[in-house]
1. Which of the following residues is modelled with pLDDT under 95 and either over 16 Å from the mean Cα position of the chain (by Cα) or surrounded by 14 or more Cβ atoms within 10 Å (Cβ to Cβ) (or both): Ala107, Ala74?
2. Within the set of pairs 6+ apart or on separate chains, which have a first residue in segment 72-93 that is farther than 19 Å from Tyr57 by Cβ, a second that is not in a helix (DSSP H, G or I), and C-beta atoms under 7 Å apart?
Amino acid sequence: MPLRIYIYQEGLARFATKPYVSPLGSNLGNLCMHLTNYAINKESEDFIANEDVNKDYVGHKRSLTAIFRHIDAAKANDPDIISSKQCWQQIKELCVKTVIAGHNQIAHIYKTSKPQDLEN
């Protein structure tokens, strides 16, 4: 059976609640600056939750659709920015390459977790 990869076309983009500054000794402990982890950032006093399904472009956790709209709006002003279509293509390629890189181990785990069944 051939390997198949299914990728859902929607997702979430998470943002840090503090503006990013290159890691220095003085700011290494500021997790809300260096991580986009929702569990960490939701505790920040700067966290903005999206409470309106019709405003998926608001807050520190946004829909992928909203991010792609933002990318395309930015591209209208800067032709050097890739389009959302190009970005989505690169995301898909990265997912495929990631699965290929782990294919042997994934196949091994799959095969060893199933009982021997000569009819299946």
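1. Selected residue: Ala107, the only one of Ala107, Ala74 that is modelled with pLDDT under 95 and either over 16 Å from the mean Cα position of the chain (by Cα) or surrounded by 14 or more Cβ atoms within 10 Å (Cβ to Cβ) (or both).
2. Filtered contacts from segment 72-93: Lys92/Ile7.
The values are calculated or read from the model by the stated rules, or taken from the named source; none is laboratory data. A quick note: this is a predicted structure, and the numbers were derived from the prediction, not measured. Neighbour counts are summed over all protein chains in view; Cβ atoms, including those assigned to glycine, are modelled from backbone coordinates with ideal geometry.
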